[in-house]
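One structure below.
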Amino acid sequence: MYLFLVPLLAGFAFNSTSAFTTFYSRHLGGRAGRLVCVLLRDVLGIPLWALGYFLAARVSASYLFAARLISSILACLLILAGAMIICTGLWSLRGRAALPSVQDTLVTDGLYAHIRHPLYTGMSLELGGLFLLLPTLPVLIACLLGVLWIFFQARLEERDLVQRLPAYTDYMQRVPRFLPRLWHG
């Protein structure tokens, strides 16, 4: 029943290698370090955790609450909002998202002017929507693990970004991590 955890957790582990771009680049050289990150995160990590979510959704389990029209609409809205945020964030990053490098430059415009990790914010919204769409225990566990991984991954990435991008430390002081400030002060 919980075999979905194997690809899910392995995918998170492989995906986290992008937070070690500086380490790999220093030890293997810039080109090889970048290649290691791409292979481990994009070729192994993302497909594995996606498979984990797919398998969690396929587990035969009873719903934790009755799905209603309102929860289905909210689920679709969360998934759509998350996807829009992710697409907008990826557009701002362009190649930096798929191919992290020690030569990257800091992006501080668009969504990145308001939150440091819009891709993770979008993913969190999508996970909330996924759970509302399929409110089973396996999906809940997968989604909660995903949110925990997002917090862990963001911290790891920020350590790497501080090493790669000297201006990132100041950026961290000015811009919140996941949610925009609704007030200034």
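Values in this text are rule-based calculations from the coordinates and carry no lab data. Keep in mind that this is a model prediction, so the values were computed, not measured. No Cβ is skipped: glycine too gets one built from the backbone with ideal geometry, and neighbour counts run over all protein chains shown.
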Residue selected from the range 36-65 under the condition among the aromatic types (Phe, Trp, Tyr) and crowded, with 16+ Cβ neighbours inside 10 Å, by the criterion farthest from the chain's Cα centre (by Cα)
TYR53
With under 20 Å from PHE178 (Cβ atoms), among the small types (Gly, Ala, Ser) and in contact (Cβ under 8 Å) with a residue 12 or more places away in the chain as the only criterion, which of GLY45, GLY52, GLY128 stands out?
GLY128
Filtering the range 22-35 for residues that are surrounded by 17 or more Cβ atoms within 10 Å (Cβ to Cβ) and either under 16 Å from GLY95 (Cα atoms) or touching a strand residue (DSSP E or B) at 6+ places or on another chain (Cβ under 7 Å) (or both) leaves a count of 2
Being of a type in the set (A, V, I, L, M) and closer than 24 Å to PHE65 by Cβ is the requirement here; does LEU133 meet it?
yes
Which of the helices (runs of 4 or more DSSP H) contained wholly in the range 102-177 include at least 3 residues that are among the aliphatic types (A, V, I, L, M) and more than 21 Å from PHE4 (Cα to Cα)?
137-164
Please tell me if ASP160 is touching a residue at least 12 places away in the same chain (Cβ under 8 Å), closer than 26 Å to ARG34 by Cα and touching a helix residue (DSSP H, G or I) at 6+ places or on another chain (Cβ under 6 Å).
yes
Return yes or no: is GLY95 out of contact with any Leu (no Cβ under 6 Å at 6 or more places or on another chain), of a type in the set (Gly, Ala, Ser), surrounded by fewer than 21 Cβ atoms within 10 Å (Cβ to Cβ) and on the phi > 0 side of the Ramachandran plot?
no
What is the number of the single condition among (1) surrounded by fewer than 17 Cβ atoms within 10 Å (Cβ to Cβ); (2) touching a residue at least 24 places away in the same chain (Cβ under 8 Å); (3) among the hydrophobic types (A, V, I, L, M, F, W, C) that ALA19 does not meet?
(1)
Which residue pairs have Cβ atoms under 9 Å apart, sit 6 or more places apart or on different chains, and have a first residue in the range 93-107 that is closer than 21 Å to THR169 by Cβ and a second that is among the aromatic types (Phe, Trp, Tyr)?
LEU93/TYR112; LEU106/TYR112; LEU106/TYR168; LEU106/TYR171
Under 8 Å between Cβ atoms, which residue pairs at least 6 apart in sequence (or on different chains) link something in the range 168-183 that is free of Cβ contacts under 8 Å to residues at least 24 places away in the same chain with a partner that is surrounded by 14 or more Cβ atoms within 10 Å (Cβ to Cβ) and in a helix (DSSP H, G or I)?
THR169/VAL162
